[in-house]
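Colleague: Here's a structure for you.
Taken together, the values in this text are just the output of simple stated rules run on the coordinates, not laboratory data. All figures in this text were calculated on a predicted structure; none of them were measured in a lab. Ideal geometry is used to build each Cβ from the backbone, glycine not excepted, and the neighbour counts take in all protein chains shown.
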Amino acid sequence: MNPPELASDVRVSIEAEADIVSARTRGRALAIQIGFSAARATLLATAISELARNILLYAGHGEVQLSVEENTARVGISVVARDKGPGIADLSQALQDGYSSSGRLGLGLPGVRRLMDSFEARSAAGEGTVVVAKMWLS
Amino acid sequence: MQVPILKQGPYLIATIQAALTDSDILQLRDALVRQVERHRARGVIIDVTALDVLDSFATGTLRDIAQMIRLRGAETVIVGIQPDVALAMTQMGLVLEGVTTTLDLEEALEYFHRKLRLQTVDRR
């Protein structure tokens, strides 16, 4: 009998608040499935929650893609948050603690950067935003 | 998902039972502020044991709730933040400044009993 096939690539469309919960729940499940500790899975789920909310808040809709990333040295989860919203005019400002153009506490992106092992954001005014963040198993 | 709010003596106890959307958390805030007024509650206990994520929005709203309840003359205690959740909050830099937290419901009730007793003594 073949082992059950592992879902290694999950796309969650972000269009409503419930999708934020759905994205982080699926991210946690994927992390546990490949052997993350509950603590690390919680860090990942929290980061996904922030990224999904940013999409909803600033772009209205977009997508969170969760995939298992594997190379010879290690295995982990890659999170790609993508939207075609207005984009971030000043990315380095958005990555500073305490900055928010929405008026709420601006801990979204810098917080995600602290939670994840690697973090990369690309954005330009009028061109949407792509954030790629990864967390390794160990 | 609506969060049930129980009245027990001078306290209101809100027990979150599953993951909440942002609107659910805002609804909880509004319901608590209204009910503190209606029941003349002295304390509010919010049990977050069931939450596996407290992100910036949830943390910010819990802080708002505590502040609003304080302005209404009562106090809020947050109960049951899970160890993994505490780790994630800390790593992100999220703080619950000025909000009392306890490990469980029993401790929260003890905290309030002690506090209200002290206040009664002070008034003599």
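Colleague: I want to verify a result. In a Gaussian network model of chain B, Cα cutoff 10 Å, which of these has the top mean-square fluctuation: B:90, B:101, B:59?
Modeller: Result for chain B, Cα springs under 10 Å: B:90 fluctuates most.
Colleague: Let me ask something else. With charges set only on the Cβ (+1 for Lys and Arg, -1 for Asp and Glu), what does the dipole of the protein assembly as shown come to about its Cα centre, in debye to the nearest 20?
Modeller: 1000 debye
Colleague: Same structure again: Does anyone have the angle between helix B:105-123 and the longest principal axis of chain B? Alpha-carbon axes, 0 to 90°, nearest 10?
Modeller: Roughly 30 degrees, rounded to the nearest 10.
Colleague: Follow-up question, since we're still on this one. Under 25 Å Cα to Cα from residue B:115, which lysines show up? Leave out anything in the same chain fewer than 8 places away.
Modeller: Counting by Cα, and skipping residues close in sequence, residue B:115 has these lysines nearby: B:7.
Colleague: Now a separate question. What is the distance in Å between the Cα centres of the stretch B:77-124 and the stretch B:1-24?
Modeller: Comparing the Cα centres of the stretch B:77-124 and the stretch B:1-24, I get a distance of 16 Å.
Colleague: Within a 10 angstrom radius of the beta carbon, how do A:72, A:129, B:120, B:15 rank from fewest other beta carbons to most?
Modeller: A:72, B:120, B:15, A:129
Colleague: Please give the net charge around residue A:116, taking every other residue with its beta carbon less than 11 angstrom from that of residue A:116, where Lys and Arg add +1 and Asp and Glu add -1.
Modeller: Its environment carries a net charge of +1.
Colleague: Right, another one. Return the tail of the calculated pair distribution for the protein assembly as shown, meaning the percent of Cα-Cα pairs more than 24 Å apart.
Modeller: 51 percent
Colleague: Give me a single rounded figure for A:51-59: the average over its residues of other chain Cβ atoms within 10 Å of their Cβ. Don't skip to the answer; put the middle values down first.
Modeller: Details: counts 0, 1, 4, 0, 0, 1, 2, 0, 0.
For this peptide, the per-residue mean of nearby foreign Cβ atoms is 1.
Colleague: Then there is this: Taking the Cα atoms only, what angle lies between the long axis of helix A:17-33 and the longest principal axis of chain A, rounded to 10 degrees?
Modeller: 30 degrees
Colleague: How long are the three semi-axes of the equivalent ellipsoid of chain A, in whole Å, if each is the root of 5 times an eigenvalue of the C-alpha gyration tensor, listed from largest down?
Modeller: After diagonalising the Cα gyration tensor, the semi-axes are 26, 16, 13 Å.
Colleague: Next question. Can you quote the Å³ per residue value for the convex hull of the Cα atoms in the stretch B:5-123, rounded to an integer?
Modeller: Hull volume normalised by residue count: 97 Å³.
Colleague: Additional query: Among bridges DSSP assigns within the protein assembly as shown, what percent are antiparallel (round to 5)?
Modeller: Rounded to the nearest five, the antiparallel share is 70 percent.
Colleague: Under a GNM of chain B (C-alpha, springs under 10 Å), which listed residue has the highest mean-square fluctuation: B:98, B:80, B:43?
Modeller: Top of the fluctuation ranking is B:98.
Colleague: Choose one of A:39, B:35, B:5: the residue whose Cα lies farthest towards the positive end of the charge dipole of the protein assembly as shown (beta-carbon charges +1 Lys, Arg; -1 Asp, Glu; about the Cα centre).
Modeller: B:35
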